[in-house]
1. Does the stretch 52-63 contain at least one residue that is outside any helix (DSSP H, G or I), open to solvent by 30 Å² or more (accessible area, probe 1.4 Å), farther than 28 Å from Ser115 by Cα and out of contact with any Phe, Trp or Tyr (no Cβ under 9 Å at 6 or more places or on another chain)?
2. Can you name the residue in the stretch 237-251 that is farther than 15 Å from Thr32 by Cα and of a type outside the set (D, E, K, R) and is also surrounded by the fewest Cβ atoms within 10 Å (Cβ to Cβ) among such residues?
3. Is the stretch 76-90 home to any residue that is part of a helix (DSSP H, G or I), at pLDDT below 95 and within 13 Å of ligand 1 (Cβ to nearest atom)?
4. Can you say whether Ile30 is in contact with a His (Cβ under 8 Å, 6 or more places away or on another chain), in the same structural domain as Tyr186 (by TED's automatic domain parsing) and not small (Gly, Ala, Ser), as far as the supplied structure shows?
5. Go through the stretch 159-255 and tell me which helices (runs of 4 or more DSSP H), entirely inside it, have 3 or more residues that are within 30 Å of Cys133 (Cα to Cα).
6. If you check every pair at least six apart or on different chains, which have Cβ atoms under 6 Å apart with a residue in the stretch 126-140 that is within 10 Å of Lys163 (Cβ to Cβ) first and a residue that is part of a strand (DSSP E or B) and open to solvent by 80 Å² or more (accessible area, probe 1.4 Å) second?
7. Exactly one of (1) outside any loop (DSSP other than H, G, I, E, B); (2) modelled with pLDDT under 95; (3) within 16 Å of ligand 1 (Cβ to nearest atom) is unmet by Glu140. Its number?
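The values are calculated or read from the model by the stated rules, or taken from the named source; none is laboratory data. Please read these numbers as outputs of a predicted model, since none were measured by experiment. Note: ideal-geometry Cβ built from the backbone for every residue, glycine included; neighbour counts use all protein chains shown. Protein only, heavy atoms only, side chains kept; ligands, DNA and RNA dropped before computing areas. Shrake-Rupley method; radii C 1.70, N 1.55, O 1.52, S 1.80 Å.
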Amino acid sequence: MNTEIDNLVKSAAELISNSNYCIALTGAGISTESGIPDFRGPDGLWRKVNPEIATYSFFMKNSEKFWEFHLNFVKKFKEVKPNNAHYALVELEKMGFLKCIITQNIDGLHQAAGSKNVIELHGNLRTVSCISCGRKYRYEDVYMLIEQCGLPPKCIECSGVLKPDVVLFEEPLPYEAIMTAYTEAYKSDLILVLGSSLSVYPAATIPDIVKSNYGKVIIINLQNTEKDHLGDIVIYGRLGDILPKIVEQVKLNYK
Ligand code: NAD
Ligand code: ZN
């Protein structure tokens, strides 16, 4: 292994081994090795598609077009599997070091890998809700509604338009998720920031909370993030390579 990375891996493992309340904030970069493109990396979606399509106002004005885009988007998430980085976090949780994962991802891969305490800041791809009465639907039922009545899918109770339970631009984050994330950040003395450009708010404020409470920050990302200056340790590389090495080193420290 490259000695510089080797030393950073050792230092990161040391911080984790000595932490009292370690949490993780994950972004799209932890799932690229599972085959889901991120938004702002070199192959990111927003380099090909205008992000306006993911705004709440676009959804309200053009719900049919929005749903066409969304159905295409969801197809990419089907059959994807967790990768080594997701599994490394499961091990850290099982060893008792990692107390929770705050994720900006909607792919459900942390839970699929086996992580128990996951806070989803930007919603999920499990359910869809009626914007008028709030009734929830599973995707299987939505596909049936679309087959019968076309796009956009509408509520069988009140005919309101259905919206995926993902947070669109211009929408607030789910109250309980963001409040729990802030509470965890205030308790934390170490945060691992993994595969996030730290450019989407308010998620990007979470490392600031840990830092302002005298906690430590470890950032692992392929390229610079907007908050590398917060990092006590910053490692540039692939999470699927680096996280398992850190976990191995934590195990050695643990023995
Ligand atoms: P982002 O696209 O802004 O940044 C991802 C970062 O991860 C980039 O800086 C990139 O260099 C880095 N990266 C990519 N592959 C990596 C790897 N293998 N190892 C280490 N780093 C890697 O992502 P974000 O900060 O999460 O914000 C984007 C928004 O898009 C979020 O709100 C999220 O909800 C959503 N999103 C989610 C998914 C998903 O659920 N998997 C996918 C795309 C976008
Ligand atoms: Zn309804």
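1. Taking the stretch 52-63 first, the residues outside any helix (DSSP H, G or I) are 55, 62.
In the following step, the residues that additionally are open to solvent by 30 Å² or more (accessible area, probe 1.4 Å) were identified as 62.
Then drop every residue that is not farther than 28 Å from Ser115 by Cα, which leaves 62.
Next, from what is left, pick out any that are out of contact with any Phe, Trp or Tyr (no Cβ under 9 Å at 6 or more places or on another chain): 62.
Yes, because at least one residue in the stretch 52-63 is outside any helix (DSSP H, G or I), open to solvent by 30 Å² or more (accessible area, probe 1.4 Å), farther than 28 Å from Ser115 by Cα and out of contact with any Phe, Trp or Tyr (no Cβ under 9 Å at 6 or more places or on another chain).
2. Within the stretch 237-251, the first condition is being farther than 15 Å from Thr32 by Cα, and the residues that meet it are 244-251.
Next, only the ones that are of a type outside the set (D, E, K, R) stay: 244, 246-247, 249-250.
On the way: Pro244: 17, Ile246: 25, Val247: 22, Gln249: 19, Val250: 21.
For the stretch 237-251, the residue satisfying everything is Pro244.
3. Start the filter on the stretch 76-90 by keeping residues that are part of a helix (DSSP H, G or I), which leaves 76-77, 84-90.
This time we only want the ones that are at pLDDT below 95, so: 76-77.
Those left that are additionally within 13 Å of ligand 1 (Cβ to nearest atom): 76-77.
Within the stretch 76-90, one or more residues are part of a helix (DSSP H, G or I), at pLDDT below 95 and within 13 Å of ligand 1 (Cβ to nearest atom).
4. Working: in contact with a His (Cβ under 8 Å, 6 or more places away or on another chain): yes; in the same structural domain as Tyr186 (by TED's automatic domain parsing): yes; not small (Gly, Ala, Ser): yes.
Answer is yes for this residue.
5. Values: elements: 175-187, 206-212, 239-254.
Qualifying helices (runs of 4 or more DSSP H): 175-187.
6. Filtered contacts from the stretch 126-140: Ser129/Lys136.
7. All conditions pass for Glu140, except number (3).
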